[in-house]
Each structure stands twice: as C-alpha cells, then as structure tokens.
Number of protein chains: 4
Amino acid sequence: MAVRVGVLGATGAVGQRLIQLLEPHPEFEIAALTASESSAGKTYGQAAKWRVNSPIPDDIAEMTVTATEPEAVPDDVDLLFSSLPSSVGAEVEPTFCEDGYVVSSNSSNSRMADDVPLVIPEVNAEHLDLLEVQRDERGWDGALVKNPNCSTITFVPTLAALAEFGLETVHVATLQAVSGAGYDGVTSMEIIDNAIPYIGSEEDKLETESRKLLGEFDGASLTHDEVEVAASCNRIPTIDGHLENVWVETEDPLSVEDAKTAMREYPSLDLRSSPDQFIHVFDDPDRPQPRMDRTLGDGMAIAAGGHRESTFGLQYNCLSHNTIRGAAGASVLNGELLLENGYL
Amino acid sequence: MAVRVGVLGATGAVGQRLIQLLEPHPEFEIAALTASESSAGKTYGQAAKWRVNSPIPDDIAEMTVTATEPEAVPDDVDLLFSSLPSSVGAEVEPTFCEDGYVVSSNSSNSRMADDVPLVIPEVNAEHLDLLEVQRDERGWDGALVKNPNCSTITFVPTLAALAEFGLETVHVATLQAVSGAGYDGVTSMEIIDNAIPYIGSEEDKLETESRKLLGEFDGASLTHDEVEVAASCNRIPTIDGHLENVWVETEDPLSVEDAKTAMREYPSLDLRSSPDQFIHVFDDPDRPQPRMDRTLGDGMAIAAGGHRESTFGLQYNCLSHNTIRGAAGASVLNGELLLENGYL
Amino acid sequence: MAVRVGVLGATGAVGQRLIQLLEPHPEFEIAALTASESSAGKTYGQAAKWRVNSPIPDDIAEMTVTATEPEAVPDDVDLLFSSLPSSVGAEVEPTFCEDGYVVSSNSSNSRMADDVPLVIPEVNAEHLDLLEVQRDERGWDGALVKNPNCSTITFVPTLAALAEFGLETVHVATLQAVSGAGYDGVTSMEIIDNAIPYIGSEEDKLETESRKLLGEFDGASLTHDEVEVAASCNRIPTIDGHLENVWVETEDPLSVEDAKTAMREYPSLDLRSSPDQFIHVFDDPDRPQPRMDRTLGDGMAIAAGGHRESTFGLQYNCLSHNTIRGAAGASVLNGELLLENGYL
Amino acid sequence: MAVRVGVLGATGAVGQRLIQLLEPHPEFEIAALTASESSAGKTYGQAAKWRVNSPIPDDIAEMTVTATEPEAVPDDVDLLFSSLPSSVGAEVEPTFCEDGYVVSSNSSNSRMADDVPLVIPEVNAEHLDLLEVQRDERGWDGALVKNPNCSTITFVPTLAALAEFGLETVHVATLQAVSGAGYDGVTSMEIIDNAIPYIGSEEDKLETESRKLLGEFDGASLTHDEVEVAASCNRIPTIDGHLENVWVETEDPLSVEDAKTAMREYPSLDLRSSPDQFIHVFDDPDRPQPRMDRTLGDGMAIAAGGHRESTFGLQYNCLSHNTIRGAAGASVLNGELLLENGYL
C-alpha cells in the first residue's frame, strides 16, 4: 500500500517537478499540496502556472491547495516533501516535525545543523541514523532530512568515488543552468548572450556541504571531512543541467584510469529512483554536455568525463540534472531511503 | 604618412575584425588582402561573407583579393597582419618574413618558438627585442611577432598585475564565446541550451603561453616564468567575450584590496589602440559579464571582479573581448608597438 | 515477424532520429545502414557522430555501414527509409525502386511529381494508392512515397481540419528550429541573439506541398487543392519545434469555437506511431510553445492555440516537432501505412 | 542654450536608454529624474540597477531622484520624456501637462485619444499640430505627444513608403526581442530554446496605431487610414531588435523594384537624431537580421529586405531597434520635433 505524501511549496519549480515524479510513483500517493496563503483554497490547476513539459495530471489539477501549516495537512499523511523558500522552510518545517511528520526537504535551511542528516543515498545513506540523535534532542515524533544543493550533488558523488585515494584539495568551477534559480530567478535580459560569474551564497554551499556529506557518523555525532574545497559559481544560458570543472589532489597517486574505474564502479542502490548506473563515465573528452547528457538515468545519474592529468593532480568534468537529481529527485530518493530504513 | 599594411587571411572572422579596426586607423593603410586560392582574383566583396555588424567599407569591398604568397603582395607594403589557419600560417608566414615583411600574427603556429616574441604590449613589450635574436638566427629582413591565444590574453594581464606578490599556482576555468572558434567553428545544434567542456588544445595554450608572457628577456634569451598554471576550458552560448574564473596562490600575502589596487593601477600604454584604463575592476560581485562588459575600452580593456579570499589564496573573475583584445585588436596593437619601436 | 528495413543516409540528423525511432519498433528491424562512400565499411559507431540525446544502441553501433546503392543492401530488406540530401536522393532513390525496394523518403526530391504520393497518413492516406499509377508508369517493382517538408507538416493538418469550411486563402509565417537545417546547417554565430528571415526554397514548399496534400485523388490522377497559400519563413534560436502563425479565410463562416472543435475532433489513426490525440488544442493564448509542447504524443502530435478572430478570417498558431513528426517520424508513419495497406 | 528636460520613470529599461541618449545630447540637458515613491530621495546611482552596456555617467549617478509629480520637478524644466508604466502614465501625465510641461511619452496610455498626436516624425510630423486642438480642448499650457509601440514603429515607415500605391490589406507577423518587455518582462525559463506566440494586447496596437499614424490631419481633426491590418505577435530569444514579416496588397500594381525604390528614397529628416538613411534596403534575401542590423543609423534606422512577389501582393521583412528607434529614441526624436516646431 502506498505511503500518503504531501508536497510543501507545491506550486514552485521544484514543487512541480516533485509532482511530476511522485504522481506515477508506486510507493507514494499524493494526498496534500500546500502553498502560500494566497493560493490556499484554490485548485492546484488554478494556483500553479504549470511549466513542466508533460501535461499536468488531471487528478492533481483538481486537488485543493492548502496553507503550509500542520493543521491543514491530513493526519494520515506520513511523509512531506518540502521545496519551500529557505526562510519559510526554516520557520515551518520544524512545526511539521513536531507534529509527527517526516519531512524530506530540498530547502537550504538547516542543512548544516549538527543533528540534521544531509544525505545523498548512494554516498552517505548511513548518515540517516543521525535522525535518532535528532529525535532525542528535539523531542520530535517526526524527522527532518535534507538533500544538498544542486551544485553540491553534482560533484560530491565523484569525490566519494575517489575518497579511497585520500582527498586533499578540490577546486571546482560551476556552469549552472537557469532552472536552478527557479522560474523567475534569472531574467532573459540577464542571461541571453551572457554569463553571470556569481550566484549568491552558492560557493559557500559547495565548500561546506561537501565536507559534511563526506564526513563520518559514528552513531552519535558527525565529523566533517577535512578535504579543502574552493568553488567558483557561474550562471550560463542553459535550461537544465549543471556542469562542473573539477581539479582534485589526493594523498595517493591517482591516474586517469584509476579515477575512471573508481567512478564507473561506484555502486548505485536498489531504491526505486536509483539509476542502474550511478556515474556514467565518458571517454570522449567533450562530454558530458548539459543538453545531451542531463537525462541519463531519467535525470538521476551523474555524468563524468574529460579526465586528464593536470598541472595539479587530476582534472575532470561532471554533470547532473539540477532539478531532478539535484532537487526534486534527490528529495524523492531520500523519501525512498526513509521508507526502506523504517522511518515511515 | 600611413604605413601600408596587408591582411593575410582577410576573409575569415578575425580577418574581418582586422579590416574593421584597420580601415579607420590613422597610422595604417590597407593595401593588400590575401585569402585562399579559390578567392584570389575576386573582389573582397565577392570573396568574403561580411558578418561584422558594421557595413563593409566601400573601398575595401572593391579591393582585389590575392593569393597568400609574397609575390602577390605589393613591395611597398611593410606590415602584414596574419589571421591564417595555423597550419597555413606555419607554412607561409616564414616565406613573407624572408621576403622582408614584418608580420604581426594572431595564428597559433610558432607562438612557443624560442626566438619568436609572444607579446601583450602592456605586459611584456620588452620581449619585442627578441626580434634581434630572431633576425640574427634566421637571416630574415622581416620579422615575426605573435600575440597569444584569446583565452590567454584574458587572464595574463591580471596575473602580471599580481606578479609583485610572487605568483605560485594558478587554476583557471574559462567560459568562452563561440566567436573564438571562427564563424563555422561551433554549430547551433552543438551549443544552444548547452555547454561544451572541451576546446581542443586550448588548455595547453593557457598553461604554456602564460609562462612565456610572464617570463624574463635578458637581451639574449627568454626564460619562462615558473608559475604553475592549470586550465579547464568550456564553450558556452555567448557570441563574444571570454569570461574566466581564476584562483591564484602567491608567495606573499595577497588581500582582496591589494589585488584590486594592483589591477586598477596596472598601467596602460600610449599606443593608439590602448584603452585609457587597461584593467577595469568592479566592486559589484556579479561583474564582469560578457554582454555587459566586453566593449569596455572599445573592446581593448580587461575587466575583473568578484575578488574574494578563497580556501586557497585569492579568487576572482576576468573578461576580455575575444575577437578584439583577444585576436584582431591584439595584432593591431602589436603592429603599433612595432611601429613605435622602429621595426617598420 | 518484423519487416527488415534499411536507412539510406543513416549518419545525418534525420538518419539518427530514424534509428532512434526504428530500433525499438516492434514491426521493423534495422538490417541495413547506408551512407556516403567515405563511411562505407566502417561500423556505424565509427561513421556517425551520434548526437541524439539517448545513447546509441550497442547493436546499431556495431553494424557495418554500406554505400548507398542497391547492390550493397541485402535482398531480404523490404523497406528503406531515406533521409538523403535531395540531390543524392534524386539520383539513387529510383535505382532502389527499380530494384524492388519500397522507399519511404523524407528527401525533398520528387515530392511534387505527379505519380509520387506525398502523404501525411492522418490527412491523405488515400493518396497512397497513387503507387498503382506509379508502378504502372515506371515499371517498378518497388515504390516511392514521400512525406512533406517539416514546415508543411506543421500547418497542413490544421488546414485539413478546417477544409469543410471551404479554404480560400492562407497566410503562414514560420518560426523554425535550427535542427531543421541538419547538424551543421546553422552556425551558432548566425543564430544566437538573432533570427534569419529566410530559408532557401522553404516558402515555396509550404505553398505548393500543401495544395498537393489537400488535393483529391480519383484513382487515376491527383488534383491539387485550390487554396492559395503565402508563406514567410524564419529561422530562430530554438533546437526543435517549428511554430507557425496562420491566418485562414474560408468560404463559410468560421468561428473560433468551430475551428477549435474541428481541430480537436480531427481523427488520429491506429498506426503504431500515431498519437492518441492528433491535434492538441490549447485555450491558453500563449501556447503552443516549442520547448513546452514539441514532445506531445512523443513528438508525433500537432499542437494548436491562440485562435482569434482576425481582421481577415481566423488566426491561430500551430506547432510540431520538426525532426520527429516533421521528418523521421513522418517517414516511419508512412512506412507503417505502407505495411498496413499491403505494399510490403 | 540647451532645453532643460526631465525623465519620468527614469529607472526602468526605457528610462535608462533615455538617459543614455539624452546625456550627450547637445540640445537637451537632464535636469530631473523621477521614479516611484520608493526611489524618491535616493541618488540615481542607488535607485537604478544600471543595465545599459555603457557605464552610467557620473553626474547622472549623483542626481537625486524625485517622486513622479509636478511639484517635485523644477519649474525651469520645459520638456519631459515619459516611460512610465501605462497605468501610472494615464494618471500622472495629464497633471504634468496641466502644470505647463510638454510631455513626449513612450507610454501606451492615451495613444489612441482623438486629440493626442501619435507621431513618427519621418512619417506624420504634420500630426503634431493636433496639439493646438489638444490645448484648446483641455485648456493645457503643456502638451502631450506620443510615439507608437515598438512593434508599430518597425513596419509603419515601410507602409508609409508604399502609401502612394494605395494600401489595402496588410498581414504582419512579428518576431520580437525580450527587451521589449522590460528588464523583468520575460524570464529566461520562458524563452531559452523557445518562442512565445503571444504578447498581451500587442496585436491590437499594430492594427490600430498604424491606421492612426497613416491618417490625415486636416487642421481640425484626424481621420484614420482605411488600410486593414492583421497582426500576429511572437516573442523570441533575441535581446534587441524586432523583426517583422509583412504582406501588403495595394490598389495599384506594386513590383519588387517599385517597393525597394520607394523605401530607399523615403526621406529622412534634419532632426539631430534622424539617421542619414531612414530605410536601409537589403538585396540579400536573408537580411535584415536583428543582431546584424539593429544598430544601423545608431539604432534609429529601419531596415528592410526579402522583397518578393507573394501569392497575395508583395512580401518583405523589416526590422528596427526596439528600445532605441522603437522607444527611447522615438521619444527623443519627438522631443526634437517639438523643439523645431516651436512647442517648447
């Protein structure tokens, strides 16, 4: 029997992707859609300007949107997917958790909190048990789990694959798609025939979230990894797909072939949304490319290529679909992990 | 009285920009236009598909294009600007130099040769005197001077400005415009809603040309600088303007303010095509941007911004107009330097 | 048992789409891939630069490409899909037909020939029987059927839906995607931040092919329809999806609601590649849009919207996926029609 | 001595273009900048996010922005350029006119009012004298003159050039740049790899403003022309430059050569911002193109090309720079006309 789920912030860009992924999902059944006060009471079809390129499902269009507050969500809903603006998320997510809901959240608030697991299932599923600590400390019946920022999700799996060589330093430059900023985040006047070498507070996310994701959880507390990361973030005129240039220096010697093999063999999981092949490694030096490769594994795979011995350590490029693997799909995958691990 | 000049490879993208810059130039007078065999004998208007966004000058349109060989160029022409494909340049540029012509070339062939000066006038004008060595060794009446690759020209001036702090390591990721590949270099199917993380042999150019440009000439030979450079190059959907993310580590401490001051105060020259302000430094973290800032100083300035203390050393972004400062304008500026220094 | 088929011109843009559509097709089995002399003898993986955004199927990659001539194609192949350049098609397609092959061709040659059926199955399936005339006249065992140009396919179905009102005049302006010109047809320098109000001989195709498609076949000969069509064609910076603005004047009064109903109710077919809904009609005035709506019906549907009473008659917009419904998918659908009608 | 002028709505996209054009203008001196309440009291540098691609002039950056009300504007200012949102313009423009200010407005409000001249100086300068009627009727010391919508300005000059042949019907399809919607008007998610076949109320503007512009003023009242116009409007991914496809049917026979000659010879004016050549006519069928031709005559010229005998009458394409000739430059030109005709 399917778990009844809700989407907090259902009308936004990630909310729409969540609905697109959850509606056909055999383990989940959408039972609640919330949005801001101004949308509450409307049907979803009225409240949302649907912009995903598959038609809005009829039954979803007819659901009534509620306010984003625990009282408005049916009690038999067990799992909430949250794509709220971070300021809203910071305020309301804890009220849902107190009320007993398990929240799988894409919002950036609380990602770095000591007792909040930040999870990419293939990379650090074992961090999920930090929820025991969280429940103890906060006295929650519910739980709050986060997925990282879309630009972090893109390169951390490739680092995880190389961790056995002893990660020391990482430089990463990102070429990020406009969808990462939401539907209204980047105007056309800003980006056509242009690039913007700045995304507010993004560089910090790559630098800190990566260390938490690669850290060790000993059953009681989490120690962040010591790899040092420097990030430079750019917005470019692509719709979907974040491309990243990475240089990594390791303790142990790391050849191009070692790196490709480690990435290719890095295991995927058995979760329903896991791709068969987690990291696709290209031999062709001009791949991966956003438009060509973002839909690998239905948008849930990571692509890597261009491996080359650099002046400093190893250099390569990686890519993921920022609104699927990097946002909505990441939250759904965490939901599947919560289900498998008995948290629902 | 104006120096009579010619353009080798006049029908291509850089050739057209050269004509656009040379036609109104008070010190130079266009007296020869060469192209491939198939164009020889046609008027320039017939031979070239003019694609610069100012109308083709009437007198240029009516000039007869000749083959690219010394016999086809009038003897009273003193200076040749070359934008030939590098394989052609490698073959024919020396024949012009033997024949007494001075060649200011944008083509990539011979850039790293020991006796060929590779020059950005504001950075290493003194390297020009390597021409004495060149003439001695090769027995040429003419001379061959090169400007670097467009992606190299963008970041080397900012490094030159920081050289006093002792350059140690540089990581540079480039976001390059399609015009850098010539009119037919990148198809629309390849680049719309996409990015390509690879430009053939480009990374090597940034890594090696930068060391030559920053090197020391002692009157007899040139010693390359020891700064270690790692480059990662990307093509993005912009028309003009290469944007670069740079991380630099220095021997001496280098603050954000030190770096900005050093760049702002890095001197320009008195050459006719020199911009008043060589390096424009932005305080606004989201600048420079290609479409907004590529025409600073009529396309001959460098722009920099986003200075930030990084996990490793200092981080910033820089930009230049790749077909003006990075190609045609670079060759013209070298021509002006040759004139000023008595090589014509 | 699947019909064994071949693809003539398999390495080009439409050829790759054909393979993408045919490879999983239950009624067809790919048994031959042809290309130009220079590719013959190579594996398809070597010969083609695969640029469709799904991975190249392994068994296809390993097939050997042959020259485009009847002797090179196995005899047990019954049906050939042709996406040859029209000058090549004009030369070699008849040789295949003489040799007994049935050819479903997307190439523009012979489309207007009196004895060559030009078919959109949902619109004029009955024209297929012109093949009897063709075989009689030409003495062929094989047969040649054509699908129209991608820009013609987009608007003709909507006209067919309105035919009962008596079509008199049509003005159509097209906004066409770059993929319509093939992989190398439009350079990035030509189209980024730009539009080109001209596509060679395209306007003529819309004006004449539409009259043939809407014409009447009496069992012996085909009479073209008398609707008068004026077309103006533009290339814009989109990857896939031709959008068209149409004004139509009819003999009988035609209201917005009449037109929308006629289009919505225009029947689809039972062929395997037919979409469930042939023409999708939008009420939202800003639809259809290329990126949002080109994949309706897996790229085989037509979308229409923006219906409005104009100063002259009725005005609306329509859209189709130019490389699926407008090219490769159109040929496959004609292949399915040939199979159903016993021509194989 | 320069006329002191002000800009109403100075911080928006057209406001910034107005400042860019007025700042170096020898006949006008910027003495007032107004914006919404929230900007009043700030310096212009603080209030405006400057996005024109030439640096903000220092003296402008330091001017204090005032509220948009007559009391806030110095009395010695004679002429106001207005680029207010039309709802605001409808409210405040009359209060300025009552107070004695002459207003040259780009806002769409009141364009179709009987006593408000709608003027393209090269086309219908004589309509300006409608201001006598306006002052009589409204009892204003000031005056209100309008320029048409950017998409109207593009094609009406070409119709004016053909008027002698007796205009009967016009179909026009537009391909409009994103800047026409203002800085935030079109998001990047809406337009990259896409086109939008709808611009709210735009089609009506082309259909009605054109008839007013081509109408006759007999000294007392204005009779609109009887040409019938049908418009279809599209937004495409270009930054600047509206391209339009036109079909025109005329009473008298109109050949391609007649049309090209009439356009080429259509006179420009002696006003300071008038281009030397008003309508540039291209013989090359693929011109004009937005990125290539929008800056002809410093963005004040009209470009036309692709003339062809159509199924119905004559067909051609035209282009203008929508934020210069189509908006800010149009208002400045009307200001120059007001000055020349003694209205200041």
**Q.** When residues of the range B:102-113 are limited to those that are out of contact with any Leu (no Cβ under 7 Å at 6 or more places or on another chain) and in contact (Cβ under 8 Å) with a residue 40 or more places away in the chain, the one surrounded by the most Cβ atoms within 10 Å (Cβ to Cβ)
**A.** B:Asn106
(Q) What's the number of the only condition in (1) surrounded by 24 or more Cβ atoms within 10 Å (Cβ to Cβ); (2) in contact with a Gly (Cβ under 9 Å, 6 or more places away or on another chain) that D:Asp252 fails to meet? (A) (1)
Q: Consider B:Glu168 carefully, then state whether it is touching a Ser or Thr at 6+ places or on another chain (Cβ under 8 Å), at pLDDT 95 or above and outside any helix (DSSP H, G or I).
A: yes
**Q.** Cross-chain or 6+ apart pairs with Cβ under 6 Å, the range A:1-30 first and within 15 Å of A:Leu333 (Cβ to Cβ) and among the polar types (S, T, N, Q), then modelled with pLDDT under 95 and surrounded by fewer than 19 Cβ atoms within 10 Å (Cβ to Cβ)
**A.** A:Gln20/A:Val52
Q: Mind telling me which of the residues C:Ser274, C:Ser210 ends up being more than 8 Å from chain D (Cβ to nearest Cβ), among the polar types (S, T, N, Q) and assigned to a loop (DSSP other than H, G, I, E, B)?
A: C:Ser274
Q. Looking at B:Leu338, B:Leu296, B:Leu333, which one is surrounded by 21 or more Cβ atoms within 10 Å (Cβ to Cβ), under 14 Å from the mean Cα position of the chain (by Cα) and modelled with pLDDT of 95 or more?
A. B:Leu333
Q | Selection from the range A:268-296 of residues that are under 30 Å from A:Gly342 (Cβ atoms) and in contact with a helix residue (DSSP H, G or I) (Cβ under 8 Å, 6 or more places away or on another chain) | A | A:Ser268, A:Leu269, A:Leu271, A:Arg272, A:Ser273, A:Ser274, A:Pro275, A:Asp276, A:Gln277, A:Phe278, A:Ile279
Q. Which of the residues belonging to the range B:118-137 are surrounded by 17 or more Cβ atoms within 10 Å (Cβ to Cβ), in contact (Cβ under 8 Å) with a residue 40 or more places away in the chain and of a type outside the set (A, V, I, L, M)?
A. B:Pro121, B:Glu122, B:Asn124, B:His127
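Limited to the range D:228-265, what total is found for residues that are away from every other protein chain (no Cβ under 14 Å) and assigned to a loop (DSSP other than H, G, I, E, B)? Write out each step before concluding.
Restricting attention to the range D:228-265, the residues satisfying the condition of being away from every other protein chain (no Cβ under 14 Å) are D:250-265.
Among the residues that remain, those that are also assigned to a loop (DSSP other than H, G, I, E, B) are: D:251-255, D:265.
Number of matching residues: 6.
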Q | Subset of the range A:175-227 that is within 23 Å of the chain's Cα centre (by Cα) and of a type in the set (Ser, Thr, Tyr) - its residue that is modelled with the lowest pLDDT | A | A:Tyr183
Q: Quick one: in the range A:179-207, of everything that is more than 7 Å from every other protein chain (Cβ to nearest Cβ) and either in a loop (DSSP other than H, G, I, E, B) or hydrophobic (A, V, I, L, M, F, W, C) (or both), which residue is farthest from A:Pro117 (Cα to Cα)?
A: A:Gly185
Q: Select from the range B:304-321 the residues that are within 11 Å of another protein chain (Cβ to nearest Cβ), among the polar types (S, T, N, Q) and closer than 13 Å to B:Gly241 by Cα and list them in ascending order.
A: B:Asn317
Q: May I ask you to list the residues in the range A:145-180 that are in contact with a Leu (Cβ under 8 Å, 6 or more places away or on another chain) and hydrophobic (A, V, I, L, M, F, W, C)?
A: A:Val145, A:Phe155, A:Val156, A:Leu159, A:Ala160, A:Leu162, A:Ala163, A:Phe165, A:Leu167, A:Val170, A:Val172, A:Leu175
Q: With the condition kept exactly as written, say whether any residue in the range C:196-204 is of a type in the set (D, E, K, R), under 24 Å from D:Ala304 (Cβ atoms), out of contact with any strand residue (DSSP E or B) (no Cβ under 7 Å at 6 or more places or on another chain) and surrounded by fewer than 24 Cβ atoms within 10 Å (Cβ to Cβ).
A: yes
Q: Considering only the range A:4-101, give the helices (runs of 4 or more DSSP H) lying wholly within it that have at least 1 residues that are surrounded by fewer than 19 Cβ atoms within 10 Å (Cβ to Cβ) and not small (Gly, Ala, Ser).
A: A:44-47, A:58-62, A:86-98
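Mind listing just one residue for me: the one in the range B:216-226 that is in contact (Cβ under 8 Å) with a residue 12 or more places away in the chain and assigned to a loop (DSSP other than H, G, I, E, B) and, of those, nearest to the other protein chains (Cβ to nearest Cβ)?
In the first step, residues of the range B:216-226 are kept if they are in contact (Cβ under 8 Å) with a residue 12 or more places away in the chain; the result is B:217, B:219-222, B:224-226.
Adding the requirement that they be assigned to a loop (DSSP other than H, G, I, E, B) leaves B:219-221, B:224-226.
On the way: B:Gly219: 30, B:Ala220: 29, B:Ser221: 24, B:His224: 14, B:Asp225: 14, B:Glu226: 12 Å.
Once the filter is applied, the top-ranked residue is B:Glu226.
Out of all the residues in the range D:255-264, is one or more surrounded by fewer than 22 Cβ atoms within 10 Å (Cβ to Cβ), under 30 Å from D:Glu132 (Cα atoms) and more than 14 Å from the chain's Cα centre (by Cα)?
Checking the range D:255-264: not a single residue is surrounded by fewer than 22 Cβ atoms within 10 Å (Cβ to Cβ), under 30 Å from D:Glu132 (Cα atoms) and more than 14 Å from the chain's Cα centre (by Cα).
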(Q) Here is a list: B:Asp240, B:Asp284. Which entry is in the same structural domain as B:Ala160 (by TED's automatic domain parsing) and at pLDDT below 95? (A) B:Asp284
Q) For the range C:159-167, does any single residue satisfy the condition of being more than 22 Å from C:Arg111 (Cα to Cα), more than 16 Å from the chain's Cα centre (by Cα), at the interface with another protein chain (Cβ under 7 Å from one of its Cβ atoms) and of a type in the set (Phe, Trp, Tyr)? A) no
Q | All positions within the range C:279-303 that are touching a Phe, Trp or Tyr at 6+ places or on another chain (Cβ under 6 Å) and more than 8 Å from every other protein chain (Cβ to nearest Cβ) | A | C:Ile279
Q: Give the range A:297-318 a look and list any residue that's out of contact with any helix residue (DSSP H, G or I) (no Cβ under 6 Å at 6 or more places or on another chain) and over 20 Å from B:Val172 (Cβ atoms), or say none.
A: A:Gly297, A:Asp298, A:Ala301
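The values are calculated or read from the model by the stated rules, or taken from the named source; none is laboratory data. Predicted model, so just to flag it, every value in this text is computed and none were measured. Cβ: placed from backbone, ideal geometry, glycine included. Neighbour counts: every protein chain shown.
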